[in-house]
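Each value in this text was obtained by applying a stated rule to the coordinates, not by laboratory testing. What you see is a predicted model, and the numbers here were worked out from it, not measured in a lab. Positions of Cβ are backbone-derived with ideal geometry, glycine not excepted, and every protein chain shown enters the neighbour counts.
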Amino acid sequence: MKIVIKVIFTVYKPEKQYKGIDQLVADCQHNPSMVIHSLFPVFDAFRDRLQESNRKVNLYALEALQGMVGLLKDDLSGVLYHLVPAIVDNHLNSKNCAVYSAATGALCELVLNLDNSLLLEPFCFKARVLSGQAKVDLIEKVSAKFRCRQEGSLVVISRKSVPDQSAFISRMLACMANNGPNCPMSNGGGA
């Protein structure tokens, strides 16, 4: 598999890159265990397609990723720290509507198909260092989807209850560090 990865993903012609992406999607569909056993080399190579200077290749990879997430689900947990930055760093602030839409679609697939607790740290970390629309989008994802345990009951965090975004991210990170049971958050967003 490693030789195939290098051959498919080290070519510079977009047509061959598309073919490599299609092969990876087919492998996820028909032989997911092979992809899972080679997860790090596969997604290291795939990340390069997400960060490709050719926007058409970026778009193609982002759209393919949406399908792969649904197939691999929580098995992607090991590569989230590589995958989330590759999705958000250049694509959520993209002026190209198709690239932006594909990036938000990929993030939505992650939220829908993975255990949300796996996404909390990479989303919060990236939200702290991003700016513009990318930061807003990640904070929306975090505030809309993540819940934190407080004294045995779930507290839903809404965007309206957290007016200061940086305080929100800091508190979400504190919550994550405490693994939920001693979450410092309250319904009203106060500490």
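Report the extension gain between I36 and D48 in nm, rounded to one decimal, defined as 0.36 nm multiplied by the number of residues separating them, less their alpha carbon distance.
Details: separation 12, 0.36 × 12 = 4.32 nm, distance 1.83 nm.
Length gained, I36 through D48: 2.5 nm.
Among the listed pairs K19/K141; K13/K95; K95/K126; K56/K126, which have their C-alpha atoms separated by more than 28 angstrom in this model? Before the final figure, lay out the partial values.
On the way: K19/K141 32 Å; K13/K95 24 Å; K95/K126 19 Å; K56/K126 24 Å.
In this structure, K19/K141 lie more than 28 Å apart at Cα.
For Q29 and E140, FRET efficiency with R0 = 35 Å and r from the beta-carbon atoms, rounded to 0.05? Let's see the in-between values first.
Details: r = 31 Å, r/R0 = 0.87.
Working from the Cβ atoms, E equals 0.70.
Net charge near A106: determine it from the other residues with C-beta under 12 Å of the C-beta of A106, scoring Lys and Arg +1 and Asp and Glu -1. The partial results should precede the final answer.
Values: positive: K141; negative: E63, E109, D137.
In short, -2.
Gain in length, S117 to K73, computed as 0.36 nm per residue apart minus the alpha-carbon separation, to one decimal in nm?
Numbers: separation 44, 0.36 × 44 = 15.84 nm, distance 1.32 nm.
Contour length minus Cα-Cα distance gives 14.5 nm.
What aspartates and glutamates sit close enough to K73 to cross-link, taking a C-alpha to C-alpha distance under 15 Å and skipping anything fewer than 8 places away on the same chain?
Partners found: D27, E109, D115.
Considering only DSSP states other than H, G, I, E and B, which GluC sites (Glu not before Pro) in the range 6-77 qualify as loop sites with at most 12 other Cβ atoms within 10 Å?
Details: sites: E15, E52, E63; in loops: E52.
Answer by residue number: there is no such site.
Place a point 7 Å from the Cα of Y18 along the Cα-to-Cβ direction; which residues of the range 56-76 have their backbone N under 19 Å from it?
56-68
With 10 angstrom as the radius, rank H37, H82, H91 by how many other C-beta atoms surround their C-beta, starting from the fewest. Spell out each step's value before the answer.
Working: H37 12, H82 16, H91 25.
Ordered by Cβ neighbours within 10 Å, fewest first: H37, H82, H91.
At 0.36 nm per residue, and after removing the present C-alpha to C-alpha distance, how many nm does the segment from S131 to Y81 gain when stretched out fully? List each step's numbers first, then the result.
Details: separation 50, 0.36 × 50 = 18.00 nm, distance 1.87 nm.
Using 0.36 nm per residue and subtracting the Cα-Cα distance, I get 16.1 nm.
By the scheme Lys and Arg +1, Asp and Glu -1, what is the net charge of all other residues having a beta-carbon under 10 Å from that of P32? Could you put the intermediate results ahead of the total?
Details: positive: K73; negative: D27, D75.
Summing Lys and Arg as +1 and Asp and Glu as -1 gives -1.
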